[in-house]
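Chemist: Questions regarding the structure given below will be posed in turn.
The values are calculated or read from the model by the stated rules, or taken from the named source; none is laboratory data. Predicted model, so just to flag it, every value in this text is computed and none were measured. Quick reminder, even Gly has a Cβ in these numbers, built from the backbone with ideal geometry, and neighbours come from all protein chains shown. The accessibility values were calculated without ligands, DNA or RNA, using every heavy atom of the protein model including side chains. Shrake-Rupley method; radii C 1.70, N 1.55, O 1.52, S 1.80 Å.
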Amino acid sequence: MSHSHDDCSDHEHSGQSKLESFLFSCELSSKVPFYTFQGDEDEDLEQFLELRTVCLGEGAKEESNVVEVTAMNHLGKTNSVPIANLHLSCLPMVSLGDFELKAPVTIRLKAGTGPVTVSGLHLIVSQVEEPDLSDDDEDADDEEEISPIKPAKKKQQQQ
């Protein structure tokens, strides 16, 4: 899925931003208890992780599996928040809606042995350069001159 939208939040750029989204998934277990999403190295891109579901995998035990995420808040301070407490018999899956976090994000299996699958979208926002049409406009003016509008002549009434 890929689409463009106007960039209303960034007043320095007069262009548009392009939003691309890619499927994301990771599996947490006692063997691999955390995953850190860094995004790509390109500094011109804004990268987000939009978490959608947290689900117990095949072979999960009858125990509590707590999943937490760690990311930066608007002040640049790191915060850790539990997002799911899964249990095989009563709550094997949680739908998070559109839980969007700016990279980097660490997803951790805080309690339990899993396996737990976390899925969602990797969102990449990039600036789209608008073509410079100023030269084309000048060329068009040179090629085509518009004659000034002359006022209509009034008819004189005969008496």
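Chemist: Of all residues in segment 18-38, which are among the basic types (K, R) and surrounded by 14 or more Cβ atoms within 10 Å (Cβ to Cβ)?
Modeler: Hit for segment 18-38 is K18, nothing else.
Chemist: Can you tell which of D42, D98 is open to solvent by 70 Å² or more (accessible area, probe 1.4 Å), part of a strand (DSSP E or B) and modelled with pLDDT under 95?
Modeler: Result of the check over D42, D98: D98.
Chemist: Run down K110, K102 and say which single residue is in contact with a Pro (Cβ under 9 Å, 6 or more places away or on another chain), in contact (Cβ under 8 Å) with a residue 24 or more places away in the chain and on the phi < 0 side of the Ramachandran plot.
Modeler: K110 is the lone residue from the list that is in contact with a Pro (Cβ under 9 Å, 6 or more places away or on another chain), in contact (Cβ under 8 Å) with a residue 24 or more places away in the chain and on the phi < 0 side of the Ramachandran plot.
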